[in-house]
Amino acid sequence: MNRRRVTVVAAAVGVVAGATGLGVLAMPAGAGPAPVLPDVSAEALVESVLGAKPAAFGGTVAVNNDLGIPSVAGVPQLSDGASTVRMWTDGTGKLRVQLPNGDSERTFVDDGETAWLWDSAEQTVTKLPHGSFEERKPELKPGEQQAAPTDPVTLSRQVVAAVQEYSDVTVDGTARVANRPVYELVLTPKPTEKTVLREVRVAVDSELRVPLRVAVLTNGTDAPAVQVGFSDLNVGPQDASLFAFTPPAGAKVTEPEVEEPSAEEKAAAEKAITEANTQVIGEGWDTVLAARVSQDALTGLAQQQEQQGENRRWEEREGQDVDVQGLLKQLGKPLSGTWGSGTLITTRVGGVLIADDGRVAVGAVPEQVLVDAIGQVK
C-alpha cells in the first residue's frame, strides 16, 4: 500500500474516529502583527517542509480541537477541547515528553540508551528500549486525547507529501507562531477533488524553514477544525538534565520483555493484515480507507466508549452484553441503499460509514463518496 496516498485520510481517521475514542493535537493561532519577510515561492516552501527534520528544541504544543463530534448520552466529548504537551529534544535521539493531566502527569524520557515511561498517578515506571517513543507514545487514560504525530514538523511533512500532487499550492502572506515569523503555505484541493476539507495551512519558520503549525479548515467557516503547532518554542541546545531519568523512590519499575518475533509470529501477523483486507479507494483528497471489521472489534469499540463514559473498569462488567448497533445509532444517522444498511457518523472533517455487516469506509469526503466506496468493499 502506498503510504503517501493514505496519509491525508489517515489524519482524517484520527479526527473522524474522535467519535470512537481518538483525537488530533491542535493549537490556536499565534498573535501579533504579520511580519514583513522576503518573497518566497510556494515550491521552495514545499521543498523545505518535505525535507524538514526536528532539531534541538524545547517547547509547548497547545491542543484545541473543534471537530463537531456528535454528543452521546453518557459518553464525553473526547476530541473537542484543550490540553497541552511539553517536549524537549537534543536533535540526536534524546527526548522528553510530558503530558499533564490535572494533578498528575505522564512523562516519557529517552536518554539515548534507555527509555522511561513515568506515571505519577499510578506511581509506576516502565523501562523501554531506546527509540520507543514512536512505537509506544505515552498511553492515555479514558477521556483523554490520543495523539497524531506529536510535533508539527512530522505531521506537516506527512500531509504535504500526501496531497501536494492533488492541490493548488500558494503562499498566503506571513504570520507569527510561538513569536517567530512564518510564511503561510496553503494547499487547496483542485476542483476535481471531492472532499469536505477547504484547505491545509502550514506555517513555515522564515529562518529555520521548518513547519511550526499545521491547520485543517473546512468549508463554511474560517475557524480551523484541527490545528497542530507550538505555542512557545526555544530553538537550540537544551539542558542535558532534561534527558536524564531516575525512578522516584517507591515507584514500581517494570521492564517488559522485548523479543524478536519468530518466523511463525511474523507469518501470523502478515496473515492478520491480509485477512483485514484494508482497501484504499480513490486518491489524494478523495482517498477513502475501507475494510471489514469483525463483530468482536465492534464490540470492543462499544466497550471502550461505555468505559470512557462511565469511568469504570471493564472487569466489573465482564459477561455483560454490549449493544453495538445501539451505540452506533446514537453517534450517527441510519443509512441504507443497494449496498446494504448501516450508520453514518460525521464530523467537520469527514465521516465514517459503518455497515451492519461490518464493512467500514472512512475519509475526509462527502456522504455520497463514502456510500460509493462501501459498495466496493470486498
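None of the figures in this text is laboratory data; all of them are computed from the coordinates on show. Since the model is a prediction, treat every value here as computed from it, not as a measurement. Glycine gets a Cβ as well: all are built from the backbone with ideal geometry, and neighbour counts include every protein chain shown.
Give me the distance between the Cα centres of segment 187-253 and segment 341-368, rounded to whole Å.
Segment 187-253 and segment 341-368 have Cα centres spaced 27 Å from each other.
From zero up to wherever the largest Cα-Cα distance of segment 145-255 sits, split into 5 Å bins and tell me the percent of pairs in each.
Taking all Cα pairs of segment 145-255, the binned fractions are 2, 10, 17, 19, 16, 11, 7, 6, 5, 4, 2, 0, 0 percent.
Relative contact order, percent, of segment 336-378 when contacts are C-alpha pairs under 8 Å separated by at least 6 residues?
Computed value for segment 336-378: 31 percent relative contact order.
Compare the peptides 120-130, 280-290 by average per-residue count of other Cβ atoms within 10 angstrom and give them in order, highest first.
Output ranking for 120-130, 280-290: 280-290, 120-130.
If you add up the charges near SER120, with Lys and Arg at +1 and Asp and Glu at -1, over every other residue whose beta carbon is less than 12 angstrom from its beta carbon, what do you get?
Net local charge, SER120 excluded: -3.
With r defined as the distance between the Cβ atoms of LYS333 and ALA244 and R0 fixed at 51 Å, what FRET efficiency is calculated, to the nearest 0.05?
0.45
If you add up the charges near ALA215, with Lys and Arg at +1 and Asp and Glu at -1, over every other residue whose beta carbon is less than 10 angstrom from its beta carbon, what do you get?
Overall, the nearby charge balance is 0.
For segment 89-136, what relative contact order do you get, as a whole percent, if you take Cα pairs closer than 8 Å and at least 6 residues apart?
Relative contact order, segment 89-136: 26 percent.
Beyond 27 Å between alpha-carbons counts as too far, so tell me which of LYS94/LYS252; LYS94/LYS127; LYS53/LYS378; LYS194/LYS378 fall in that bin.
Too far apart for the 27 Å limit: LYS53/LYS378.
For segment 169-232, what is the relative contact order in percent, using Cα pairs closer than 8 Å and at least 6 residues apart in sequence?
Taking the mean separation of contacting Cα pairs over the length of segment 169-232, I get 26 percent.
Report the local net charge at ALA290: Lys and Arg +1, Asp and Glu -1, summed over other residues whose C-beta lies under 10 Å from its C-beta.
After counting each charged neighbour, the total is +3.
Once you put a point 7 Å from the Cα of GLN376 and another 7 Å from the Cα of VAL280, both along the Cβ direction, what distance in nm separates them?
For GLN376 paired with VAL280, the spin-label model returns 1.3 nm.
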